[in-house]
Amino acid sequence: MSQVSHPYGFRLVTLRGWLSKWVAPNKAEYRGQLQADVLIREFMESKLRAQFVSNITIERDRSAMKVFIHTSRPGLVIGKQGEGIANVRKMITEFARKKKLMVPKEIKIDIVEILNPDADAKIIALQIAADLERRQTFKRVMRMYSEKVMQAPGVKGVRIVLAGRLGGAEMARREETHQGSIPLQFIRADIDYAVERARLTYGTIGIKVWINKGDILKQEPVDLSQIQQQRPNRR
């Protein structure tokens, strides 16, 4: 099960929410809005790759679209006096016009700061890709980031997998490092998962990161009056 199911989609609704939040009145608008969200999200992730964007969520209504950019470096995205937000809005508008996407005229940009970036799988994968593109050795990078993630608060385990022509070798291979526990088969385990690519001169290296943030259990409030009634009186 863990080899064919995406950890994000496997825990959808129970632990995770949707990346797009809106309601379409008919099938035609649903297809158009969904296509626009997917293409805009892929376009913005490629443009803002150096700003370490974790994910992009989109909310819509009849007159406006609100884009939430989750990043560990909000200052780089915002820019001086909000110039970065204006550029992001302009890029989305031009891209939607070029691709003829179903996007409302009013586009709002909201920057959300990630307070614990060392426990975010997408940011860790982007940092690994940046270090590999700077020609650092893959073994050192894997060991360094696995130890860095384990020191983050609330992290119970981490798994990092690299695949490709590691170190410029002629034959591609797969290397893996693992610390702690990664219970992919438990839906209650909050598993963060990300895939990224490091583009080098001798080929592309695939990066996969799993981070276990512990179990999430819904506990009902305890009624203290019933506990006191059930407790035997000892004299």
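The values are calculated or read from the model by the stated rules, or taken from the named source; none is laboratory data. None of the values given here were measured: they were computed from a predicted structure. Because the Cβ atoms are built from the backbone with ideal geometry, glycine has one as well, and the counts that use them run over all protein chains shown. Just the protein is used for accessible areas: all its heavy atoms, side chains included, with ligands, DNA and RNA removed. Shrake-Rupley method; radii C 1.70, N 1.55, O 1.52, S 1.80 Å.
For the reader, a short list of remarks on this structure follows.
- Which of L48, A130, V103, positive extreme of dipole for the chain (C-beta unit charges): V103
- Considering only alpha-carbon pairs that sit under 8 angstrom and 6 or more positions apart, the relative contact order computed for the stretch 1-109 is 26 percent.
- Relative contact order computed over the chain (Cα-Cα under 8 Å; 6+ residues apart), in percent: 17
- Antiparallel bridge percentage (DSSP; both residues within the chain; nearest 5): 75
- P(r) of the chain over all Cα-Cα pairs, binned every 5 Å from zero, in whole percent: 1, 6, 11, 14, 14, 14, 13, 10, 7, 3, 2, 2, 1, 1, 0, 0, 0
- Distance between the C-alpha centres of the stretch 140-202 and the stretch 122-138: 11 Å, rounded to the whole angstrom.
- Inter-site label distance for T137 and R97 at 7 Å from Cα along Cβ, in nm: 5.2
- FRET E, pair R49, K27, Förster distance 35 Å, beta-carbon r, rounded to 0.05: 0.55
- Computed over the Cα atoms of the stretch 145-223, the ratio of the radius of gyration to the Kirkwood radius (Rg/Rh) comes to 1.15.
- Applying 0.36 nm per residue to the separation of L115 and T201 and subtracting their alpha-carbon distance, the gain on full extension is 27.5 nm.
- By average C-beta atoms within 10 angstrom, highest first, the peptides 36-48, 95-107: 36-48, 95-107
- 5 Å binning of all Cα-Cα separations within the stretch 73-192, expressed as whole percents from 0 upward: 2, 9, 14, 14, 13, 13, 12, 13, 9, 1, 0
- Lys, Arg +1 and Asp, Glu -1 on Cβ, resulting dipole of the chain about Cα centre, debye, nearest 20: 240
- Distance distribution note for the stretch 1-41: the fraction of Cα pairs above 16 angstrom is 52%.
- DSSP beta bridges fully contained in the stretch 8-119 are about 40 percent antiparallel.
- Across the stretch 134-151, rounded Karplus estimates of 3J(HN,Hα) from the backbone phi angles (6.51 cos²θ - 1.76 cosθ + 1.60, θ = phi - 60°) give 8, 6, 7, 5, 5, 5, 5, 5, 4, 5, 5, 6, 5, 5, 5, 5, 5, 7 Hz, Gly and Pro being marked x.
- Taking all protein chains as they are arranged and a probe of 1.4 Å, the heavy atoms of D61 leave approximately 100 Å² accessible to solvent.
- On a per residue basis, the chain carries 63 Å² of accessible surface, using protein heavy atoms and a 1.4 Å probe.
- Per-selection Rg to Rh, the stretch 19-72 - Cα, Kirkwood hydrodynamic radius: 1.02
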